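Student: A single structure is presented below for examination.
The values are calculated or read from the model by the stated rules, or taken from the named source; none is laboratory data. Keep in mind the model is a prediction, meaning the values are calculated, not measured. Neighbour counts are summed over all protein chains in view; Cβ atoms, including those assigned to glycine, are modelled from backbone coordinates with ideal geometry.
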Amino acid sequence: MVLRLILVLSLIVLAGLGLAWMLTKDRKYLRIAGRIVRFLVVLGVVMALVFIAERLILR
């Protein structure tokens with residue numbers, strides 16, 4: 001449930017950053033969005049590894 005909340009909130013923030021970039025053409029918004037995307041990818045990989053480890057340990 002927490003992961004879904006993080007995903008929804010980050011999608012809202014990314015949409016807001018995209019809109020801010022479109023209105024101002026300031027590249028700082030794209031850099032912030034890139035950092036958020038990198039964080040989400042790392043979080044996704046870590047969570048996948050945790051789920052795999054859990055499956056292997058509880059087998």
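Student: Can you tell me which residue among Val37, Val45, Val13 is without any contact (Cβ under 8 Å) to a residue 24 or more places away in the chain and loosely packed, with under 11 Cβ neighbours inside 10 Å? Working first, answer last.
Tutor: On the way: Val37 fails: loosely packed, with under 11 Cβ neighbours inside 10 Å; Val13 fails: loosely packed, with under 11 Cβ neighbours inside 10 Å.
Every option except Val45 fails the conditions.
Student: Quick test of your reading of the structure: Leu3 fulfils all but one of (1) of a type in the set (A, V, I, L, M); (2) touching a residue at least 12 places away in the same chain (Cβ under 8 Å); (3) surrounded by 12 or more Cβ atoms within 10 Å (Cβ to Cβ). Name the failing condition by number.
Tutor: Only one criterion in (1) of a type in the set (A, V, I, L, M); (2) touching a residue at least 12 places away in the same chain (Cβ under 8 Å); (3) surrounded by 12 or more Cβ atoms within 10 Å (Cβ to Cβ) is unmet by Leu3, namely (3).
Student: Okay, moving on. Right, Val50: surrounded by 10 or more Cβ atoms within 10 Å (Cβ to Cβ), at pLDDT 95 or above, on the phi < 0 side of the Ramachandran plot and out of contact with any strand residue (DSSP E or B) (no Cβ under 8 Å at 6 or more places or on another chain) or not? Steps first, please.
Tutor: Numbers: surrounded by 10 or more Cβ atoms within 10 Å (Cβ to Cβ): yes; at pLDDT 95 or above: no; on the phi < 0 side of the Ramachandran plot: yes; out of contact with any strand residue (DSSP E or B) (no Cβ under 8 Å at 6 or more places or on another chain): yes.
Against the criterion (surrounded by 10 or more Cβ atoms within 10 Å (Cβ to Cβ), at pLDDT 95 or above, on the phi < 0 side of the Ramachandran plot and out of contact with any strand residue (DSSP E or B) (no Cβ under 8 Å at 6 or more places or on another chain)), Val50 does not qualify.
Student: Further, regarding this structure: Pick out the one residue from Phe51, Phe39 that is closer than 18 Å to Val2 by Cα, in a helix (DSSP H, G or I) and over 17 Å from the mean Cα position of the chain (by Cα). Can you show your working first?
Tutor: Numbers: Phe39 fails: over 17 Å from the mean Cα position of the chain (by Cα).
Of the residues listed, the single one that is closer than 18 Å to Val2 by Cα, in a helix (DSSP H, G or I) and over 17 Å from the mean Cα position of the chain (by Cα) is Phe51.
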